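Data first, discussion second: the structure below is written as structure tokens.
Values quoted throughout were computed directly from the atomic coordinates according to the rules given, and no laboratory measurement underlies them. None of the values given here were measured: they were computed from a predicted structure. All Cβ positions, glycine included, derive from the backbone under ideal geometry; neighbour counts span all protein chains shown.
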Amino acid sequence: MPLASAEQANFDRLAHASLGRLTGGLSPSSLTMAYWDWLVHLLQAPGKRAQLAAKAATTTIPIVFEVGFDPVEVGLVASLNRPGGNLTGVTNLNADLVPKRLQLVHELAPTATVIALLVNPTSPTLAETSMKEAQAAAQTLGLQLHVLHASTERDLDEAFRTSVQLRAGALVISPDVSFNSLSKQFGALTLRYGMPTIYQFRDFAAAGGLLSYGGDVSEFNRQVGVLTGRILKGEKPTDLPVQQSAKMELFINLKTAKALGLTIPQSVLVRADELIE
């Protein structure tokens, strides 16, 4: 065998051995099929169910998740420090920030006595958590909370119309994967109905929503990348603690505030990471 061919063969053996260690002995084709099977589950199942589907799909392929809720509470991992199994990841606990969002809109509309909360009933665990925490915060602030439901884009217009009929001072949108891609629709409805709104990502405020408050997405993704890199270098998910992204960001759309006739208090403006004009 020529020298070049021998070197190539050795290289191929090393490459296949490294790939085998990384994939738990699965062939590349099997790994690809498993990945696409997982991805289909992820795209079709909202909220916590997506992550649980990924967990159920394989017990060997390393999975790095990024979630906005407590992964221990829903059974993704055994504990934050010792995840166990083949999963680890990052949580920004966005689902736990509903009370803070309610407080922010109350600061913008201190005379309002009614606040509406929009949840997706097809994500019952997230919806129940948001409702429970928002209700407690509303009672503390002396506010009346009305819970509205939307599970499709068609439901949004009715939810905003109902908010106006209830004379709600603001609409707090509960975190849900189904809502993440609807920023433009939310922004348009905010302006059409003159309803102050708040959600979790910058895209929401940039699209016309009044406020966005949630975890720092770039930091979130950076931590996911770090964990992924460590696994690719040979570490096991079970030995990598789940990271908690604690950095929060506040975005305010001043153009929307002006259109709604709102004056943002200086105490809120100085806390903003970005003022969108």
(request) Along each of the three principal axes of the Cα atoms of region 54-156, give the extent in whole Å, ordering the values from largest to smallest. (result) 54, 33, 18
(request) Order by neighbour count: THR190, THR125, fewest other Cβ atoms within 10 Å first, most last. (result) THR125, THR190
(request) Return the sequence-ordered ³J(HN,Hα) values of region 230-235 in whole Hz as given by the Karplus equation 6.51 cos²θ - 1.76 cosθ + 1.60 applied to θ = phi - 60°, using x for Gly and Pro. (result) 5, 5, 5, 8, x, 6
(request) Within 10 Å of each residue's Cβ, count the other Cβ atoms and sort LEU210, LEU145 from fewest upward. (result) LEU145, LEU210
(request) Would you pull out the residues with amide H under 5 Å of SER245's amide H, same chain only if 5 or more places away, H placed 1.01 Å from N? (result) THR91, ASN92
(request) Please work out the C-alpha center-to-center distance from region 135-161 to region 170-205 and express it in whole Å. (result) 12
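How big is the equivalent ellipsoid of region 144-211 along its three axes, where each semi-axis is √(5λ) from the Cα gyration tensor, reported in whole Å from largest to smallest? Write out the running numbers ahead of the final one.
Working: eigenvalues 56, 34, 25 Å².
Equivalent ellipsoid semi-axes, largest first: 17, 13, 11 Å.
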(request) May I ask you to evaluate 6.51 cos²θ - 1.76 cosθ + 1.60, the Karplus curve with θ = phi - 60°, for each residue of region 241-252 and list the ³J(HN,Hα) values in order in whole Hz, giving x for glycine and proline? (result) x, 5, 8, 10, 7, 9, 6, 10, 10, 10, 10, 10
(request) May I ask you to compute the full-extension gain from GLN139 to LEU269, defined as 0.36 nm times their residue separation minus their alpha-carbon distance, rounded to one decimal in nm? (result) 44.2 nm
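What percent do you get for the relative contact order of region 125-277 when only Cα pairs under 8 Å and 6+ apart count? Walk me through the numbers before you get to the answer.
On the way: 189 pairs, mean separation 26.1, N = 153.
Result for region 125-277 is 17 percent.
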(message) I need MET248, MET195 ordered by Cβ neighbour count within 10 Å, fewest first.
(response) MET248, MET195
